[in-house]
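The values are calculated or read from the model by the stated rules, or taken from the named source; none is laboratory data. Here the structure is a predicted model, which is why all the values come from computation and not from measurement. Glycine also receives a Cβ, built like all others from the backbone with ideal geometry; neighbour counts cover every protein chain displayed. Heads up: the accessible areas ignore ligands, DNA and RNA and are worked out on the full protein's heavy atoms, side chains in. Shrake-Rupley method; radii C 1.70, N 1.55, O 1.52, S 1.80 Å.
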Amino acid sequence: MAPADASSLPPYGQQRAQPPVQMPVAVPVRPNAFTLLIRWLWDSFKHPSRLQRIPSWWPIVPIALNALVIASTTYAMLSHQYRSMSNLTQGINSFFSDIDSSYSVATSIPVTQLFKTAVLMLVLEYAVILMTYAGIRIMGDTSVTFSALHQEIGQKLTTLLAPNLMALVSVLIGLNAFAIFLLTVAMLFILVLPAARLAVASNHRKLDRTWMWGLTTLLAGVAIAVIILILIIGGVAETIGSLF
């Protein structure tokens, strides 16, 4: 069954009312909002399926962190490749002295490209959430709100922070192949989220739920593939243009 709407749960970090006691007790100090957010991220990493009543913007944090870490890892790998290209270009220019040295090709990626990649990754993650929500609605399930789905997927994405951070560290120490493997696993996890979530969504249509799952998953997959293609074409063209 689909997870319950988190709006029916008590606020995160708030204790339930206790029966009155006769003896005086010390009043506990409630943690501040930042401490509660960090604690929620850790709880979500350990128990990603356990929903809590939290502020609506909290799920943005793990989603944005994943986008930033993936973008940082990609930027670090590409920067290493362009540094290698720079060394090769300098070697060729020094060997062929008749080459016009007044023309040179930029061999480093602007730092702004890191943030642009993070934004593109963020767009992809929210496209996955939107397509999943659209698929749930197509199946006729109106009990799941976008806010609840946003939190549900946001908590699941906290599990990706560990392998994504490992991928970033791997790039920094020169283990690019292992980093690519971890990034591939992370991307596959993100892309299969619609199919996995729609598999447990309630079907209120006349068509058999297996056919409805296949249809909605196909529609979501095609829409996400189109978005990825647009992002790739736009990102590659912009990157190439910034190098010359």
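Points to keep in mind about this one:
- Condition check for Val144: free of Cβ contacts under 8 Å to residues at least 60 places away in the same chain and either open to solvent by 50 Å² or more (accessible area, probe 1.4 Å) or not in a helix (DSSP H, G or I) (or both): no
- Residues of segment 188-218 classified as part of a helix (DSSP H, G or I), among the hydrophobic types (A, V, I, L, M, F, W, C) and under 20 Å from His150 (Cβ atoms), total: 7
- Taking the criterion of being in contact with a helix residue (DSSP H, G or I) (Cβ under 6 Å, 6 or more places away or on another chain) and modelled with pLDDT of 50 or more, the residues of segment 83-112 that qualify are Thr107, Ser108, Ile109, Pro110.
- Residue in segment 147-169 that is open to solvent by less than 10 Å² (accessible area, probe 1.4 Å), aliphatic (A, V, I, L, M) and over 23 Å from Ala199 (Cβ atoms) present: yes
- All positions within segment 170-185 that are crowded, with 21+ Cβ neighbours inside 10 Å and either within 13 Å of the chain's Cα centre (by Cα) or not in a helix (DSSP H, G or I) (or both): Leu183
- If you filter segment 36-55 down to residues that are surrounded by fewer than 13 Cβ atoms within 10 Å (Cβ to Cβ) and modelled with pLDDT under 90, you find that the one that is farthest from Thr184 (Cα to Cα) is Arg50.
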